[in-house]
Amino acid sequence: MSFESYLLPADRIAELLDQAGLLGTALLVQEPDEETKRTVASFLARKPESLQA
């Protein structure tokens, strides 16, 4: 298994999901604190029913 990680702002990722035609259904943003140095965001997106085969 391979894994890649990219440091992009959450709003940029949301924009890319929208450009790809995906519908964002949830966004969780965790701001940095003493333990984490960066903002962490998790996205949940789905393909619209009109695009599903």
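The values are calculated or read from the model by the stated rules, or taken from the named source; none is laboratory data. Quick caveat, the model's predicted, so the values are computed rather than measured. Neighbour counts run over all protein chains shown; Cβ positions are idealised from the backbone, glycine included. For the accessible areas, the whole protein counts, side chains as well, though only heavy atoms, and no ligand, DNA or RNA atoms are used. Shrake-Rupley method; radii C 1.70, N 1.55, O 1.52, S 1.80 Å.
Some points to look at:
- With N counted as the residues of the chain, its alpha-carbon radius of gyration over 2.2 N^0.38 Å works out to 1.36.
- Extending 7 Å from Cα along the Cβ direction at VAL29 and again at ASP11 yields two label points whose distance is 0.8 nm.
- In order through the stretch 34-45: 3J(HN,Hα) via Karplus (6.51 cos²θ - 1.76 cosθ + 1.60), integer Hz, x for Gly, Pro: 5, 8, 10, 9, 10, 5, 10, 10, 10, 10, 10, 9
- Percent accessible area from carbon and sulfur atoms, the chain, protein chains only, probe 1.4 Å: 54
- Cα-based helix-to-principal-axis angle, 10-19 vs the chain, degrees rounded to 10: 10
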